[in-house]
Every structure is written in C-alpha cells, then in structure tokens.
1. Please find, within the range 226-241, the residue that is modelled with the lowest pLDDT out of those that are touching a strand residue (DSSP E or B) at 6+ places or on another chain (Cβ under 8 Å) and in a loop (DSSP other than H, G, I, E, B).
2. How many of the residues making up the range 65-91 are surrounded by 21 or more Cβ atoms within 10 Å (Cβ to Cβ) and closer than 20 Å to residue 217 by Cα?
3. Would you check which residues across the range 102-129 are part of a helix (DSSP H, G or I) and under 15 Å from the mean Cα position of the chain (by Cα) and list them?
4. Got at least one residue in the range 15-31 being on the phi < 0 side of the Ramachandran plot, modelled with pLDDT under 95, surrounded by 15 or more Cβ atoms within 10 Å (Cβ to Cβ) and touching a strand residue (DSSP E or B) at 6+ places or on another chain (Cβ under 8 Å)?
5. Which of the residues that make up the range 186-199 are buried (at least 22 other Cβ atoms within 10 Å of the Cβ) and at pLDDT below 95?
C-alpha cells in the first residue's frame, strides 16, 4: 500500500511538472470559501484536480477543485483551491495525497488555511488566527499502517509542528499591514456534523481555541516529509453554544468571503519571504 502511494505521488507530480515550467518551493491549500487567492497569481495556470492522476476530488461546495500555479511578487507558488476531507469518505492517505504530490513536485514549505469555529473567548467571526498547535480528535492518522521511508521516518516529532519561524514572519507581515494576529490551538474533529455545545465545553477544557474538520492530517503528513508548515484559521463562526444562531455551512462560506481579501493580502506579504532564512 505504501509503495503504491509513493509511486502514485511521483506519477501525479510528473504530470504537473510536464504542464508548467514553474518549479515552486511554496504551496498553499485554501479552505472553505477561501479559494479566491488562486485567481490572483501572475503567470497563472490552472489544472483541474480531476485531470491529475490519482488525485482526490472534493464533493463539498466551496472547494473549487483545481490547482493554480503561478507567481506572487516573483515567488513561484502552487495553490490548491480546495481540499478533500475524511468526512467525505476519503481515507486519511487520500486526504494527504495532495501534500505528498506537492513534496514530490519539489515543494518544501506549505501554508494551510481553513474555516474554523471560535472556541476561545474573544475570538470573533472574520478574524485570522495563526495555529500554534493542534489536538487530533478525528480518530485518524495518515501515518498509520506500513511506513514508506521515502516519505519519511516511522516516528516523527511534532513539538514544533507549526513553524515558529513562519509564525513570527506572519506576525510581522500582519503588523506591517495594520492588524495583529492571535495564535491558538486547533482541534480537528471528523465531522461532518457540527459539534454539540457539550463537546465545545469539553474541547475548551482540553485547551482548544479553534475547531474544524481539516488541516491536522495535512500537517502530520507534511512534517513527516520534512516540510515547514504555517497554518491560518479564518474564524467563520462561534462554536456551538457560544452564538445565538444555528451553525450552517452557508454561514461559513459567507464569512470566509468577507475576510478573503484580508487573507489574500497576508498571503501576498508572507509568500515572498518564506524562502528567506529569518523572520525579518
């Protein structure tokens, strides 16, 4: 199974490599309602997920299902406009296949974005929050099963899963753009049902500040392959029991659309600096 996964990642990367002259070292995965950044690149080329060999295709509205390759201020970048989730019925290995393909394509650093529910008091819808750590409550791990050393070692350290260097860089860019970014712990749940108020109270007691249905599996797979990870949550709603209105996917998309321009400016500021050796 692991050998097949590696060869499939190599094949998918070769397909992409043959369709662009660009060789990005940086990639971005865009979450629910946040796909617009993929249209803002220079020298833009799009590939549908469905045309890339072995690539999983999302069934969820708000995930565009295509890969954008281009430049941001001269820095080459690959952008995934959407992702797949375990709640859609995909295995964890399929959820992280885009990351594995990107690594074989030559990507070394990745920005993961998501729409999240705010648990911690003081977080408000429309706010961008840096993920500093995570709690995996999905019951899944993409590294379970036979390990292929060509991806990475059997056991990996996740002490600094979310790069302190890149977080400091993002903080500096945000400050220069006129806003401050909080940091928080992201709780990953399986979904697709939203959480109950009792679950949110339990998650808060466990130390979670944000909750969502993605990102953590991608982070684990990326770190397994030695990639540097920056992750940004867009708080699209208050978690269950903390707001007056019922939770809906439409609310997630609407709020994501409102904050998308701010996220795009942040990404445009961060991406050209990511290959530098310091947070300055």
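The values are calculated or read from the model by the stated rules, or taken from the named source; none is laboratory data. Quantities reported herein were computed from a predicted structural model and do not represent experimental measurements. Please note: Cβ atoms are built from the backbone with ideal geometry, for glycine as well, and neighbour counts cover all protein chains shown.
1. That would be 240.
2. Counting residues in the range 65-91 that are surrounded by 21 or more Cβ atoms within 10 Å (Cβ to Cβ) and closer than 20 Å to residue 217 by Cα gives 10.
3. Matches in the range 102-129: 102, 103.
4. Within the range 15-31, one or more residues are on the phi < 0 side of the Ramachandran plot, modelled with pLDDT under 95, surrounded by 15 or more Cβ atoms within 10 Å (Cβ to Cβ) and touching a strand residue (DSSP E or B) at 6+ places or on another chain (Cβ under 8 Å).
5. 195
Residue by residue, here is whether (1) at pLDDT 80 or above; (2) surrounded by 14 or more Cβ atoms within 10 Å (Cβ to Cβ); (3) farther than 21 Å from residue 36 by Cα holds:
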position	(1), (2), (3)
243	no, yes, yes
246	no, no, yes
250	no, no, no
260	yes, yes, no
267	yes, yes, no
270	yes, yes, no
277	no, no, yes
